[in-house]
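Peer 1: Pasting a structure below so you can have a look.
The values are calculated or read from the model by the stated rules, or taken from the named source; none is laboratory data. Fair warning: this is a prediction, and the values are worked out from it, not measured in the lab. Ideal geometry is used to build each Cβ from the backbone, glycine not excepted, and the neighbour counts take in all protein chains shown.
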Amino acid sequence: MEKAKISIILPTINERRNLEKLIPMLLNLNLNLEIVVVDDGSTDGTIELVRDFMKKNHNIKLVLRPRKMGLGSAYIDGFKVSNGDFIITMDADLSHDPKYIPELLKKANISKADIVLGSRYVREGKIIGWKIHRKIISKTANMVAKFVLGLKVNDVTTGYRLYCREAFEKIVSQIKAKGYEFQVESLYLAKILGLKIVEYPIVFIDRVAGKSKLKIADIFSFLKTVLKLRISR
């Protein structure tokens, strides 16, 4: 029986140093996968690196965009060229360890879940390398989203996720968010659609190379989206 195909969507802006390590790590997993890199105008050689990998492996795809256009829209554009039975979204900065991908897949199969969240806020999950203010912001955003929208998950803002293809397609057909707020709106839509969401503990390690793409404006946009969703529904 053929293994289920997994599409891994990697949004990038100047992540060459991290992709040099991450792509081989992904390819070394004993899985039937494709890697979809969605690049928002990198200038550090990221695009050239991915093209070099593409010459050696036909399971790597590259989507080029002219500028930073938002995390959510990157997921959507990556999905459009993907053909996996499962969609994995993850950061390209090595904060999300590829070793969890088989575990997320196993969790989805055992629990018959539509979405599996790689969660930092369940037992055995943790964050390494964040300063206290970053932890406070993340925890507060999660608590607000859970309370206001009635979400029954612990890590609303995690970007490390596995979606069944059909579930992702249903969410994308209705979602409005294009940026970081995609994380919360996608889960809210999943709740409304009656999709099953489960969590699996991960250890999140803050990036070593490169700069975080998350800005204060993204946090405000996230909170604004939470309030708009609550009012609109």
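Peer 1: Could you identify the single residue in Val63, Val36 that is surrounded by fewer than 23 Cβ atoms within 10 Å (Cβ to Cβ) and part of a strand (DSSP E or B)?
Peer 2: Val63
Peer 1: Using the structure shown, decide if Ser138 is under 16 Å from the mean Cα position of the chain (by Cα), of a type in the set (Ser, Thr, Tyr), modelled with pLDDT under 95 and under 23 Å from Lys191 (Cβ atoms).
Peer 2: On the way: under 16 Å from the mean Cα position of the chain (by Cα): yes; of a type in the set (Ser, Thr, Tyr): yes; modelled with pLDDT under 95: yes; under 23 Å from Lys191 (Cβ atoms): yes.
Answer is yes for this residue.
Peer 1: Tell me which residues, restricted to segment 82-105, are assigned to a loop (DSSP other than H, G, I, E, B), within 16 Å of Asn30 (Cα to Cα) and not charged (D, E, K, R).
Peer 2: Result: Gly84, single match.
Peer 1: Considering only residues that are over 21 Å from Ile136 (Cβ atoms), in contact with a Ser or Thr (Cβ under 8 Å, 6 or more places away or on another chain) and of a type in the set (Asp, Glu), which ones fall in segment 151-193?
Peer 2: Matches in segment 151-193: Glu185 only.
Peer 1: OK, next. Go through segment 1-32 residue by residue and tally those that are in a loop (DSSP other than H, G, I, E, B) and crowded, with 16+ Cβ neighbours inside 10 Å.
Peer 2: 5
Peer 1: Can you pull out every residue in segment 119-148 that is buried (at least 20 other Cβ atoms within 10 Å of the Cβ) and either in a helix (DSSP H, G or I) or touching a Lys or Arg at 6+ places or on another chain (Cβ under 6 Å) (or both)?
Peer 2: Within segment 119-148, Ser138, Asn142, Ala145 meet the criteria.
Peer 1: Of the residues Leu151, Leu214, Leu223, Leu229, only one is among the aliphatic types (A, V, I, L, M) and either in contact with a His (Cβ under 6 Å, 6 or more places away or on another chain) or at pLDDT 90 or above (or both); which? Write out each step before concluding.
Peer 2: Numbers: Leu214 fails: either in contact with a His (Cβ under 6 Å, 6 or more places away or on another chain) or at pLDDT 90 or above (or both); Leu223 fails: either in contact with a His (Cβ under 6 Å, 6 or more places away or on another chain) or at pLDDT 90 or above (or both); Leu229 fails: either in contact with a His (Cβ under 6 Å, 6 or more places away or on another chain) or at pLDDT 90 or above (or both).
After ruling out the rest, the residue left standing is Leu151.
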